[in-house]
Amino acid sequence: MIGKIGRYELESIRGVGGMGAVYKAFDPQLNRTVAIKEVISDLLRDPRAVRRFEEEARLLAQIADPRVVTLYDFFQEGGKTYMVMEYVEGEPLSAHVQAPRLGPVELHAILLEIAYGLRAVHRLGVVHRDIKPSNVLLTADRKVKIADFGIATLPARDPTMPEGTAKYIAPEALAGEAIDGRADLYALGVLGYELFLGDARFNALFPDVVGEPGNADLRWKAWHLDRSRRLKPLNEYGVPVSPWLGAVLAKAVEKDPAARYPTIDALIKDLEVAREGLAPTRRFVTGPVPVAEPPKASAAPRTPPRPWTIAAVVLALVSGVVVIPLLFHRPQAGGAAAGRLRLAREAVEEAQRLLAREEYDQALDAVNRALQLNPDDRSPSRLAEEIETRRQAKRAAADRAAEARRWREEAKRLEAAADWAGAAAAYERAIALEPSDALRAALAAVRARLDVPRRGPPGSLVLATRPPGARVFIDGEERGATPLHVPALSPGRHDVRLVLRFHEESVFAVEIGPGETVQRDVALNPSQGGILVVTDPPGARLFLDHEWQEGLSPVRLGGIPAGQHFLWAEKGPLGIDQEIFVTRGETTTVSLRLERRPRPQRVAAREREASYQEALDQAQDLAVQKEWGAAAERLEQALAVRDTPEVRRRLLQLRAAAALEAVRYRESIGDFAGALEACAGAGAAADDPEIRRAEARLRHKRDHLLLVAAGPFLLGSDGSDAESDERPVRAVHLDGFLIEKTEVTNARYAEFLLAMRRNADHRRCHPDEPKGKDHTPDGWDTPAYRQASPTPDHPVVYVDWFDAYAYAAWMEMRLPTEAEWEKAAAHDPGTGRKRIFPWGSDWDPLRCNGEAAADGFERLAPVGRFPAGASPWGALDMAGNVWEWVADWYDLAYPSSDPDVSRNPQGAASGTMRVVRGGSWIDSRVSLRAANRHKLGPAERGDKVGFRCVQDIRR
């Protein structure tokens with residue numbers, strides 16, 4: 001016993017979890033082993049951490065399921081908070097992921113067990129938020145226990161907080177959207193892939209995430225957020241599972257939550273169906289415990305049920321819980337049963353033939369058919385085990401052959417470079433993997449070259465080590481200590497051994513040519529040992545060589561370089577320091593009794609440095625999660641420890657980011673005045689280039705955007721002038737949006753071009769945009785363009801669809817849909833009727849810039865010169881002047897080939913031509929009608945085509 005908490009006798013410390021230290025303890029009152037979780041002492045000062053700890057306890061208390069760890073007790077003592085939980089003797093599922101050793105049936109069963117446990121959690125309206133292998137325990141008899149509810153979402157908590165583990169967190173959580181149980185389904189799907197593939201094969205699918213140095217968490221988050229990248233079904237990665245299971249897990253990891261299973265029950269249903277398609281290698285019972293229920297009353301007479309036969313009863317004791325799954329089958333009758341038995345035998349014979357031909361997948365399919373035809377006969381299961389064993393053996397042999405081939409090629413390369421020692425070592429590795437007479441002959445030839453003395457003048461060897469002072473042995477003879485110059489060495493191969501106290505020996509060979517001086521600089525690895533630190537009282541923090549160590553005493557610290565070290569242990573006002581000696585390959589027990597003693601200055605300085613670095617790291621993590629305000633608080637804590645220009649610069653950036661977040665929120669709801677106030681209130685951060693750009697953008701939106709209210713309107717036309725692609729008229733409903741009062745001018749577009757030329761940032765451009773595009777209109781700096789569009793107030797022309805898309809994205813807007821454009825142009829909210837032209841149903845050439853000479857303009861007009869032609873919403877120039885790009889692909893079926901599309905229609909999903917609307921300065925009355933449609937290739941440009949933008953209104 002290392003101490004007591006309440007009535008519980010502490011036996012050992014099991015480690016430190018996400019929010020608290022965990023002890024193994026004994027409850028003498030109930031005579032059982034328990035696990036006790038305690039808030040980390042550093043976190044006791046943070047009321048949020050204690051509050052979350054209490055939430056975790058209340059959450060666990062509500063869940064009654066054998067697959068979720070049970071909460072026994074929850075109390076506070078001595079100013080500390082504790083949870084007493086079921087003690088589970090097992091290993092985390094992550095151990096299997098690291099070293100796979102179970103077959104597909106066992107893994108499928110484990111996945112189902114986790115899903116059943118999650119169902120119990122979700123039925124309480126709770127999202128776990130951190131489903132991952134290390135939070136799932138697996139007992140020796142394959143029972144599952146879900147643990148660690150430290151960041152679970154209760155209904156009262158903010159469901160948009162992007163918490164979780166980067167490798168498993170759902171895209172919607174990273175995007176700051178509200179989450180529900182589908183976030184857990186996404187994590188469970190990722191866990192499923194990792195479980196079936198194993199750590200190495202799973203990570204191999206993401207070379208750009210795990211194969212690069214740096215912060216892998218950031219790259220995982222980027223991968224989840226990139227909705228163009230998806231996992232293929234498991235069976236397409238060579239995993240021996242049914243296509244059904246592959247499809248189930250692929251659906252679980254859809255990036256769009258709407259494309260996933262809506263609930264855990266839906267996922268469980270498909271997992272259970274998929275289970276029937278697996279050939280079991282061992283009987284593994286899963287699923288909820290069947291509960292007998294009284295028969296329900298029915299008005300109609302019922303056929304007496306057939307007798308049921310209990311096929312198996314499995315009893316397992318897991319942490320005091322008895323699980324009794326019952327498996328049933330119906331007895332088969334008469335000739336039908338005989339026919340099924342015959343078909344089952346034929347399926348087994350077919351599987352054996354396929355196995356002889358090494359067609360393993362087809363053989364497993366045949367075994368599955370046999371098991372489904374005759375569930376009573378378990379002998380096909382043994383055949384399935386043999387098939388799986390032989391398939392794994394074949395795969396392992398192929399892997400060994402490939403590895404041997406790589407070593408053969410490496411040996412030949414080294415042989416060509418006359419590196420005989422390296423070539424010999426490579427041939428030895430190849431022979432160990434795939435022995436052959438040819439390889440042995442090649443090795444003998446290389447060794448013969450090593451054994452032949454080379455003639456010529458002697459060479460020399462210059463050796464240096466880090467650290468210096470290593471004893472040098474050459475061909476078994478000690479020659480001195482590093483740094484060392486060894487002259488007069490005969491040409492050929494020499495064996496070198498370096499020995500330094502408290503460091504691992506380094507042994508290697510050098511090849512010295514006639515008269516050659518070879519230099520080697522060798523880094524020696526410290527030999528390592530460990531210490532077991534026990535303190536009175538327990539629970540002390542430890543500092544080794546003035547550096548804080550993770551874990552509270554009693555704790556084992558490993559990987560310590562052999563030699564003398566300084567150890568400081570502290571708990572509250574108590575502390576003790578001691579010089580310790582670590583022996584290579586051994587664990588030394590250090591027992592310390594804490595006393596009232598001041599903390600050493602170097603420990604205090606290191607902890608201040610550690611707190612500084614921790615604050616910087618936390619600020620970085622919070623910034624990644626876009627928690628700008630909290631990140632700024634951490635940097636202010638770092639400044640209190642050390643004031644540096646770099647930290648001040650980063651703090652200013654974070655304050656600017658926080659201000660921009662407030663600005664963008666106000667902008668997204670159409671409160672442009674409030675957004676401008678947020679820019680003005682940014683303080684020192686107001687000089688940030690992004691804030692200055694936002695101010696210019698917001699002033700334009702405040703002065704030039706018009707509200708088009710939500711509601712129904714009639715899309716299309718059936719009048720006498722209507723073209724076939726305008727029919728039929730349909731009633732559609734649009735959400736509210738904001739639209740620019742006029743077309744985009746040369747002045748506004750010039751600001752966009754300047755920004756693009758300064759930054760060349762194309763991340764917001766359309767993914768299909770041609771490479772190298774700079775969005776400059778044709779002839780922009782030439783007299784020809786100034787003749788077409790002469791002043792800053794004229795509409796920008798000679799722009800294609802990609803230019804319009806990029807400008808809209810730069811303005812944090814978008815192109816309107818056809819339906820939005822037509823509603824803004826012609827729907828009268830006062831009467832609820834549709835106009836033919838923006839100003840009414842009667843043609844008037846003086847209200848727009850069309851082909852008529854009477855409008856006063858021979859060609860293009862500056863924007864806004866025809867106020868009498870305004871639409872019911874106040875939009876100008878929606879008839880004539882320039883055709884305007886909209887977002888939709890052109891489709892004859894207008895607005896959609898789906899007649900059920902009645903809300904926010906988006907047009908066709910793909911096409912070759914984009915739609916333009918509104919007519920131009922050269923067009924006649926028919927083309928200037930609001931319902932008229934025209935099409936152009938997305939890369940086409942001309943002096944009669946421009947655009948205007950819209951913005952969604954966030955609610």
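The values are calculated or read from the model by the stated rules, or taken from the named source; none is laboratory data. These numbers come from a predicted model, not from an experiment. Ideal geometry is used to build each Cβ from the backbone, glycine not excepted, and the neighbour counts take in all protein chains shown.
I need every pair where a residue in segment 554-573 that is closer than 21 Å to H503 by Cα has its Cβ under 6 Å from the Cβ of a residue that is assigned to a loop (DSSP other than H, G, I, E, B) and among the hydrophobic types (A, V, I, L, M, F, W, C), sequence separation at least 6 or different chains.
A562/F502; G563/F502
Which of (1) in a loop (DSSP other than H, G, I, E, B); (2) over 30 Å from K394 (Cβ atoms) does P435 not meet, given it meets every other one?
(2)
With farther than 17 Å from D130 by Cα and in contact with a Ser or Thr (Cβ under 9 Å, 6 or more places away or on another chain) as the only criterion, which of D208, D199 stands out?
Sole residue among the options that is farther than 17 Å from D130 by Cα and in contact with a Ser or Thr (Cβ under 9 Å, 6 or more places away or on another chain): D199.
What helices (runs of 4 or more DSSP H), lying completely within segment 194-260, carry at least 1 residues that are among the basic types (K, R)?
Filter on segment 194-260 gives 216-225, 243-252.
Just wondering, is there one or more residues in segment 649-663 that are in a helix (DSSP H, G or I), buried (at least 16 other Cβ atoms within 10 Å of the Cβ) and polar (S, T, N, Q)?
Yes: one or more hits.
Within segment 723-754, count every residue that is in a helix (DSSP H, G or I) and surrounded by 15 or more Cβ atoms within 10 Å (Cβ to Cβ).
Going through segment 723-754 one residue at a time, the tally reaches 8.
Does segment 461-484 contain any residue that is touching a Phe, Trp or Tyr at 6+ places or on another chain (Cβ under 8 Å), in a helix (DSSP H, G or I) and surrounded by fewer than 18 Cβ atoms within 10 Å (Cβ to Cβ)?
no
Within segment 60-89, which residues are part of a loop (DSSP other than H, G, I, E, B) and over 23 Å from L124 (Cα atoms)?
Hits for segment 60-89 are G78, G79, Y87, V88, E89.
Within segment 2-21, track down each residue that is within 13 Å of L552 (Cα to Cα) and either basic (K, R) or at pLDDT 85 or above (or both).
R14
So E695 clears everything in (1) assigned by TED's automatic domain parsing to the domain that holds P795; (2) more than 30 Å from A930 (Cβ to Cβ) except one condition, right? Which one?
Answer for E695: the failing condition is (1).
When you check V446 against the structure, is it at pLDDT 85 or above and surrounded by 13 or more Cβ atoms within 10 Å (Cβ to Cβ), yes or no?
Numbers: at pLDDT 85 or above: no; surrounded by 13 or more Cβ atoms within 10 Å (Cβ to Cβ): yes.
When the stated conditions are applied, V446 does not pass them.
Out of everything in segment 90-113 that is part of a loop (DSSP other than H, G, I, E, B) and of a type outside the set (A, V, I, L, M, F, W, C), what residue ends up being surrounded by the fewest Cβ atoms within 10 Å (Cβ to Cβ)?
R101
Residues of segment 778-831 being hydroxyl-bearing (S, T, Y) and either assigned to a loop (DSSP other than H, G, I, E, B) or under 22 Å from Y890 (Cβ atoms) (or both), which ones? Give the derivation first.
Start the filter on segment 778-831 by keeping residues that are hydroxyl-bearing (S, T, Y), which leaves 782, 785, 789, 791, 798, 805, 807, 817, 831.
Once the filter is applied, which keeps residues that are hydroxyl-bearing (S, T, Y) and either assigned to a loop (DSSP other than H, G, I, E, B) or under 22 Å from Y890 (Cβ atoms) (or both), segment 778-831 yields T782, S789, T791, Y798, Y805, Y807, T817, T831.
Can you tell me how many residues in segment 903-937 are in a loop (DSSP other than H, G, I, E, B) and basic (K, R)? Let's see the steps before the verdict.
Of segment 903-937, the ones in a loop (DSSP other than H, G, I, E, B) are 904-907, 909-913, 918-925, 929-932, 937.
From what is left, the residues that are basic (K, R) are 925, 929.
The qualifying residues number 2.
For the subset of segment 30-60 comprising residues that are modelled with pLDDT under 85 and of a type in the set (S, T, N, Q), which member is nearest to T81 (Cα to Cα)?
Filtering first and then ranking leaves S41.
Looking only at segment 165-197, how many residues end up being more than 24 Å from E236 (Cα to Cα), surrounded by 22 or more Cβ atoms within 10 Å (Cβ to Cβ) and small (G, A, S)?
3
Against the condition assigned to a loop (DSSP other than H, G, I, E, B) and either more than 53 Å from the chain's Cα centre (by Cα) or not polar (S, T, N, Q) (or both), how does R493 come out, does it pass?
Considered against the rule, which asks whether it is assigned to a loop (DSSP other than H, G, I, E, B) and either more than 53 Å from the chain's Cα centre (by Cα) or not polar (S, T, N, Q) (or both), R493 comes out as no.
How many of the residues making up segment 902-920 are surrounded by 22 or more Cβ atoms within 10 Å (Cβ to Cβ) and either outside the structural domain of A804 (by TED's automatic domain parsing) or modelled with pLDDT under 95 (or both)?
1
Of the residues F857, F866, which is crowded, with 22+ Cβ neighbours inside 10 Å and of a type in the set (F, W, Y)?
Step by step, each of F857, F866 is checked, and only F866 is crowded, with 22+ Cβ neighbours inside 10 Å and of a type in the set (F, W, Y).
Could you tell me which residue of segment 502-531 is surrounded by the fewest Cβ atoms within 10 Å (Cβ to Cβ), considering only residues that are assigned to a loop (DSSP other than H, G, I, E, B) and free of Cβ contacts under 8 Å to residues at least 24 places away in the same chain?
N525
Go through (1) surrounded by fewer than 21 Cβ atoms within 10 Å (Cβ to Cβ); (2) of a type in the set (K, R); (3) in contact with a helix residue (DSSP H, G or I) (Cβ under 7 Å, 6 or more places away or on another chain) and name the single condition R67 misses.
Result: R67 passes all but (1).
Go through (1) at pLDDT 85 or above; (2) outside the structural domain of R342 (by TED's automatic domain parsing); (3) more than 38 Å from the chain's Cα centre (by Cα) one by one and return the number of the condition R353 breaks.
(2)
Let me spell it out: the conditions are (1) touching a helix residue (DSSP H, G or I) at 6+ places or on another chain (Cβ under 6 Å); (2) within 21 Å of P816 (Cβ to Cβ), and E695 meets all of them except one. Which number is the exception?
(2)
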